[in-house]
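Enquirer: Below is the structure I would like to discuss, written out as structure tokens.
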Amino acid sequence: MSTIRKNPILRIAPPYDDALIRYIEKGFSDRLGYGVQFDVREDPSLLCGFIAYIRGTVYDVSGKTQLAGVSAYLIDAMNAPRPAPEPLEQEDA
Amino acid sequence: MSIRSDVERAALSAFLHEKVGEYKFQPSIYRYGIVQSAKDDVITIHGLSGCRYGEILQFDHDVYGLVLDLSMDTIGAALLNSDAFVAAGTIARGTGRVADICVGDSVIGRVIDPLGRPLDGAPLSTVETRPVENRAPSIIDRAPVKRPLETGILAIDSMVPIGRGQRELIIGDRQTGKTSIALSAIRNQRGNGVICIYCAIGQKAATTARIVHALRESGSMEYSIVVASSASDSAAMQYLTPFAGCAIAEHFMEQGRDVLIVYDDLSKHAIAYRTMSLLLRRPAGREAYPGDIFYLHSRLLERGAQLSPARGGGSMTVLPIVETVGGDISSYIPTNIISITDGQIYLSSDLFFAGQRPAINVGLSVSRIGSSAQHPAIKWIGGRLRLSIAQYRELAVFAQFGAEVDATTAKQIHRGERMMEVLKQGQEETLSVASEAVLLLALAHNVFWDLPLSEIRSVKYALLDFVRSACPGSLRAIEATGELNQEEIATLKKAMDAFLEGRNAG
């Protein structure tokens, strides 16, 4: 049986430093009510932001996911019926 | 989307700016589990404790899985597509939704997979989805099967008639024409307002392509949907295929429309389910199938129904196909499905190789409820046909050994041979109700009695052409009412006599 990861994991896009990690850990500790100490993994594919895996829940605030969300939102908006554009005003000759 | 002018470009730019402004950036929070093991498309996941049975899981690289096993610490899931990116340690995300399929009129004419992804190269935009697993209509929601569903095949419409809302099994060895019968039934629904769904379960991709091509060629794709999983798809995809097709059919049925659905075939479906069950370490029963294999098919086939007028009066006619080995209909899966359905059409390889197409074995075929839905015209004339053919088949066995037979038996064999010839139909040849009634009346009227067997096929079509031109009013009346009164019988018999006279004179 493979080892189950129990420690919270933080996938984060560079650049980052220890102070930023401590700040994120404190934010989660305050919100969740227990101490959180991350196993940090750098992940440039996230573009910016981070993804935290804590006790069976994912907190995803990465740029990659947000862009995917914008993309899906725009595709839905494009596919939805919308009024035809009004013609531009003709300039006087 | 093509942008044709500056006006459109400016409008699109403004529209996108506006929409981006509207978009609310917020964190994405969801439950996750970690893959413990992945083998043969079946994975075990630790975590995801609130997961539901049948929920869709998402992995990286757009890989999806279907939850099929829940236990205290782990869940078992089957992968729906390539497992190349799923390894121990991979994160699995619960989507919170059970497996569903896109439904609606935009799916008609399309070829899709069980997840609703188009397989015919064109984009598919649908707004409505429906879970693939649903409860079958309750007793109170159902109405008796009373309306016929014409297959255009004389042997079926006259001897094993199918009603709208009926479940009629097509069973036989490989290469005996099971799929051809189903496709003929689909082809014959042109102009009848029946939506047809063909579910290809674990078939060769080339076979499915050939079927789609045949449906397109005959113009049947205009009212048909193909839900396909190929032999190279995962067992879970093959397992989902008939349920996805059924969900689409239910959508139309609940709108008050009539649907014909073909499951081709449930033997492969049972094998796919057995594969998944064994990999999920469920206890194996008879022929290594899991204990719930009967329930798997009964809950699928019970969804076929004729709904009551209060529920819209729609219907779902089901034609499941089962392949037998060596003509053995008493093996596990065939007996299960025979007991669930409302009858079966048994195709015999002996008859097939003897040139009888469709190779329907009348003795082993039955329609338990179809006769109440049969057109009165066909029921009245063809009532004794089934018995006569069964008797002929018994007598023919003696005759083939060259045994001397009495005059009565010889007459029966002579008549039986002609009946069998008249029942022969080409693969893409379907008959209207009126044409079927005329042929049955011609048999009763002994039109083919003096003809050599080799000529019967051509004479059959010549007779139909003659009757069509001689008494079009009678044929129109049969088509409209499905009934045949004494006056029309007399008119048709007169036309047949005239046809024979003309033929003898010529």
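The values are calculated or read from the model by the stated rules, or taken from the named source; none is laboratory data. All values derive from a computational prediction rather than experimental measurement. Don't worry about glycine lacking a Cβ; one is built from the backbone with ideal geometry, like all the others, and counts go over all protein chains shown. We work out accessible area using only protein heavy atoms, side chains counted, and drop any ligands, DNA or RNA first. Shrake-Rupley method; radii C 1.70, N 1.55, O 1.52, S 1.80 Å.
Enquirer: Being farther than 21 Å from B:Tyr263 by Cβ, in contact (Cβ under 8 Å) with a residue 40 or more places away in the chain and among the small types (Gly, Ala, Ser) is true for just one of B:Ala437, B:Ala396. Which residue is that?
Expert: On inspection, the qualifying residue turns out to be B:Ala437.
Enquirer: Across the stretch B:1-13, which residue is nearest to the other protein chains (Cβ to nearest Cβ) among those that are part of a helix (DSSP H, G or I) and open to solvent by less than 60 Å² (accessible area, probe 1.4 Å)?
Expert: Selected residue: B:Ala11.
Enquirer: Within the stretch B:53-70, track down each residue that is away from every other protein chain (no Cβ under 14 Å) and open to solvent by 30 Å² or more (accessible area, probe 1.4 Å).
Expert: Once the filter is applied, which keeps residues that are away from every other protein chain (no Cβ under 14 Å) and open to solvent by 30 Å² or more (accessible area, probe 1.4 Å), the stretch B:53-70 yields B:Tyr53, B:Tyr64, B:Asp69, B:Leu70.
Enquirer: Give the residue, chosen from B:Ile91, B:Ile140, B:Ile101, that is over 28 Å from B:Tyr198 (Cβ atoms) and surrounded by 15 or more Cβ atoms within 10 Å (Cβ to Cβ). Talk me through it step by step, then tell me what you get.
Expert: Working: B:Ile140 fails: surrounded by 15 or more Cβ atoms within 10 Å (Cβ to Cβ); B:Ile101 fails: over 28 Å from B:Tyr198 (Cβ atoms).
Exactly one of B:Ile91, B:Ile140, B:Ile101 is over 28 Å from B:Tyr198 (Cβ atoms) and surrounded by 15 or more Cβ atoms within 10 Å (Cβ to Cβ), namely B:Ile91.
Enquirer: Okay, next question. Looking for whichever is within 30 Å of B:Pro123 (Cα to Cα), more than 17 Å from the chain's Cα centre (by Cα) and modelled with pLDDT of 85 or more here; the options are A:Leu32, A:Leu74, A:Leu46, A:Leu67. Which one fits?
Expert: Only one candidate passes the filter, namely A:Leu74.
Enquirer: Let me ask something additional. Filter the stretch B:23-39 for residues that are polar (S, T, N, Q) and open to solvent by less than 50 Å² (accessible area, probe 1.4 Å) and give the result.
Expert: Matches in the stretch B:23-39: B:Ser28, B:Gln36, B:Ser37.
Enquirer: Criterion first (closer than 20 Å to B:Leu169 by Cβ, modelled with pLDDT of 95 or more, surrounded by 17 or more Cβ atoms within 10 Å (Cβ to Cβ) and not basic (Lys, Arg)) does B:Leu296 satisfy it? Break it down into steps so the answer makes sense when it comes.
Expert: Details: closer than 20 Å to B:Leu169 by Cβ: yes; modelled with pLDDT of 95 or more: yes; surrounded by 17 or more Cβ atoms within 10 Å (Cβ to Cβ): yes; not basic (Lys, Arg): yes.
Considered against the rule, which asks whether it is closer than 20 Å to B:Leu169 by Cβ, modelled with pLDDT of 95 or more, surrounded by 17 or more Cβ atoms within 10 Å (Cβ to Cβ) and not basic (Lys, Arg), B:Leu296 comes out as yes.
Enquirer: Among B:Lys460, B:Lys494, which is the only one that is part of a helix (DSSP H, G or I) and either of a type in the set (Asp, Glu) or in contact (Cβ under 8 Å) with a residue 12 or more places away in the chain (or both)?
Expert: Every option except B:Lys460 fails the conditions.
Enquirer: Among what's in the stretch B:359-379 and is open to solvent by less than 30 Å² (accessible area, probe 1.4 Å) and of a type in the set (Val, Ile, Thr), pick the residue that is farthest from B:Glu487 (Cα to Cα).
Expert: B:Ile360
Enquirer: Could I ask something else about it? Looking at (1) surrounded by 18 or more Cβ atoms within 10 Å (Cβ to Cβ); (2) of a type in the set (D, E, K, R); (3) more than 24 Å from B:Ala185 (Cβ to Cβ), which is the only condition B:Glu436 fails?
Expert: Going through (1) surrounded by 18 or more Cβ atoms within 10 Å (Cβ to Cβ); (2) of a type in the set (D, E, K, R); (3) more than 24 Å from B:Ala185 (Cβ to Cβ) one by one, B:Glu436 breaks only (3).
Enquirer: Just to be sure before I move on: is B:Ser348 more than 17 Å from the chain's Cα centre (by Cα) and in contact (Cβ under 8 Å) with a residue 40 or more places away in the chain in the structure I sent?
Expert: Considered against the rule, which asks whether it is more than 17 Å from the chain's Cα centre (by Cα) and in contact (Cβ under 8 Å) with a residue 40 or more places away in the chain, B:Ser348 comes out as yes.
Enquirer: Mind listing just one residue for me: the one in the stretch B:200-220 that is β-branched (Val, Ile, Thr) and in a helix (DSSP H, G or I) and, of those, surrounded by the most Cβ atoms within 10 Å (Cβ to Cβ)? Don't jump to the end; show me each part of the working.
Expert: If we filter the stretch B:200-220 for residues that are β-branched (Val, Ile, Thr), which is where we start, we get B:201, B:207-208, B:211-212.
Next, from what is left, pick out any that are in a helix (DSSP H, G or I): B:207-208, B:211-212.
Numbers: B:Thr207: 15, B:Thr208: 20, B:Ile211: 22, B:Val212: 19.
If we take residues in the stretch B:200-220 being β-branched (Val, Ile, Thr) and in a helix (DSSP H, G or I), then B:Ile211 is surrounded by the most Cβ atoms within 10 Å (Cβ to Cβ).
Enquirer: Identify, by number, the condition in (1) in contact with a helix residue (DSSP H, G or I) (Cβ under 9 Å, 6 or more places away or on another chain); (2) within 28 Å of B:Leu307 (Cα to Cα); (3) open to solvent by less than 10 Å² (accessible area, probe 1.4 Å) that B:Gly256 doesn't meet.
Expert: For B:Gly256, the exception is condition (3).
Enquirer: Hey, among the residues in the stretch B:440-457 that are open to solvent by 20 Å² or more (accessible area, probe 1.4 Å) and free of Cβ contacts under 8 Å to residues at least 40 places away in the same chain, which one's nearest to the chain's Cα centre (by Cα)?
Expert: Step by step, filter the stretch B:440-457, then rank; the result is B:Arg457.
Enquirer: Of everything in the stretch B:16-35, what is at the interface with another protein chain (Cβ under 7 Å from one of its Cβ atoms) and not in a strand (DSSP E or B)? Give them in sequence order.
Expert: Selection gives B:Leu16, B:Lys19, B:Val20, B:Tyr23, B:Phe25, B:Pro27.
Enquirer: Run down B:Gly326, B:Gly314 and say which single residue is open to solvent by less than 10 Å² (accessible area, probe 1.4 Å) and modelled with pLDDT of 90 or more.
Expert: That would be B:Gly314, the only listed residue that is open to solvent by less than 10 Å² (accessible area, probe 1.4 Å) and modelled with pLDDT of 90 or more.
Enquirer: While we're looking at this one, here's another question. Sort out which residues of the stretch B:398-410 are surrounded by 10 or more Cβ atoms within 10 Å (Cβ to Cβ) and not in a loop (DSSP other than H, G, I, E, B), and write them in order of number.
Expert: Those that are surrounded by 10 or more Cβ atoms within 10 Å (Cβ to Cβ) and not in a loop (DSSP other than H, G, I, E, B): B:Phe398, B:Ala399, B:Thr409, B:Ala410.
Enquirer: Moving to a separate point now. Looking only at the stretch B:36-49, which residues are out of contact with any His (no Cβ under 6 Å at 6 or more places or on another chain) and within 9 Å of chain A (Cβ to nearest Cβ)?
Expert: Listed by number, the residues that qualify are B:Ser37, B:His46, B:Gly47, B:Leu48, B:Ser49.
Enquirer: Within the stretch B:40-52, how many residues turn out to be over 16 Å from B:Met237 (Cα atoms) and open to solvent by 10 Å² or more (accessible area, probe 1.4 Å)?
Expert: Of the residues in the stretch B:40-52, 7 are over 16 Å from B:Met237 (Cα atoms) and open to solvent by 10 Å² or more (accessible area, probe 1.4 Å).
Enquirer: Follow-up. Which members of the stretch B:36-75 meet the condition of being in a helix (DSSP H, G or I) and touching a residue at least 24 places away in the same chain (Cβ under 8 Å)?
Expert: Kept after step one, since they are in a helix (DSSP H, G or I), are these residues of the stretch B:36-75: B:60-62.
Residues satisfying the conditions are B:Asp60, B:His61.
Enquirer: For the stretch A:29-75, enumerate the residues that are of a type in the set (Asp, Glu) and either within 9 Å of chain B (Cβ to nearest Cβ) or touching a residue at least 12 places away in the same chain (Cβ under 8 Å) (or both).
Expert: First pass over the stretch A:29-75, keeping only residues of a type in the set (Asp, Glu): A:30, A:39, A:42-43, A:60.
Result: A:Asp39, A:Glu42, A:Asp43, A:Asp60.
Enquirer: Is it fair to say B:Ala305 is among the hydrophobic types (A, V, I, L, M, F, W, C) and either farther than 30 Å from B:Pro144 by Cα or over 19 Å from the mean Cα position of the chain (by Cα) (or both)?
Expert: In short, no.
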